[in-house]
Amino acid sequence: MNKVILIGRLARDPEMRTTSSGISMTRFTIAVSRPFNTQDGQQQTDFINCITWRRQAENVAKYCSKGSQVAVEGRIQVSSYDAQDGTKRYTTDVVCDNVTFLGSKAGNTNFTNDNYNAETSEVPTADISEDPFKDFGDEIALSDDDLPF
């Protein structure tokens, strides 16, 4: 089984191209933080190359830019080509079946290109000292006695 699910932020703006048969293809790279730190306490980040096709490619190119947070689902694909110097080169990409937009710079007032560092994935956090549910109404108490069975 070849299945990949990743969440990260675009490390640079996506690049869309169109094939000679008119099919849209977009390449982008996402920065994904590793779940552990190095011995000196540094967070490590992997930069994963991704490809998406057709309508999804058009949407990524239109709505995402450097710093946008996305979740990608797809498969790993290894390809090779002959470089101009005659050597064989290999590429590893995630071919995305689905790209979910999780956040954008425009939708998050705490996030700008100036304060996002793609190499360390440092993103400022929002202040949640105020109760986010204060305007949702009165508290409702439920018990097992209220259940019909």
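The values are calculated or read from the model by the stated rules, or taken from the named source; none is laboratory data. Just so we're clear, the structure is a prediction, and the values are computed from it rather than from any experiment. Glycine gets a Cβ as well: all are built from the backbone with ideal geometry, and neighbour counts include every protein chain shown. Heads up: the accessible areas ignore ligands, DNA and RNA and are worked out on the full protein's heavy atoms, side chains in. Shrake-Rupley method; radii C 1.70, N 1.55, O 1.52, S 1.80 Å.
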Within the bounds of region 36-54, is there any residue that is surrounded by 10 or more Cβ atoms within 10 Å (Cβ to Cβ), under 18 Å from the mean Cα position of the chain (by Cα) and of a type in the set (Ser, Thr, Tyr)?
yes
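Please go through region 55-65 and give me each residue that is open to solvent by 60 Å² or more (accessible area, probe 1.4 Å) and under 24 Å from VAL78 (Cα atoms), ordered by number. Show your work before the answer.
At the first step, the residues of region 55-65 found to be open to solvent by 60 Å² or more (accessible area, probe 1.4 Å) are 55, 58, 62-63.
ARG55, GLU58, listed by residue number.
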Please specify each residue of region 62-79 satisfying the condition of being more than 13 Å from the chain's Cα centre (by Cα), farther than 21 Å from TYR90 by Cβ and not charged (D, E, K, R).
none
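Identify, from the list LYS62, LYS66, the residue that is over 20 Å from VAL4 (Cβ atoms) and either in contact (Cβ under 8 Å) with a residue 24 or more places away in the chain or in contact with a Phe, Trp or Tyr (Cβ under 8 Å, 6 or more places away or on another chain) (or both).
LYS66
Of the residues ASP46, ASP40, ASP85, ASP13, which is among the acidic types (Asp, Glu), in contact (Cβ under 8 Å) with a residue 24 or more places away in the chain and more than 13 Å from ASP97 (Cβ to Cβ)? It would help to see each step written out before you state the result.
Details: ASP46 fails: in contact (Cβ under 8 Å) with a residue 24 or more places away in the chain; ASP40 fails: in contact (Cβ under 8 Å) with a residue 24 or more places away in the chain; ASP85 fails: in contact (Cβ under 8 Å) with a residue 24 or more places away in the chain.
The unique qualifying residue is ASP13.
Residue check: is ASP93 open to solvent by less than 60 Å² (accessible area, probe 1.4 Å) and charged (D, E, K, R)?
Working: open to solvent by less than 60 Å² (accessible area, probe 1.4 Å): yes; charged (D, E, K, R): yes.
In short, yes.
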Going by what's in this entry, would ILE76 be described as β-branched (Val, Ile, Thr), touching an Asp or Glu at 6+ places or on another chain (Cβ under 8 Å) and open to solvent by 60 Å² or more (accessible area, probe 1.4 Å)?
yes
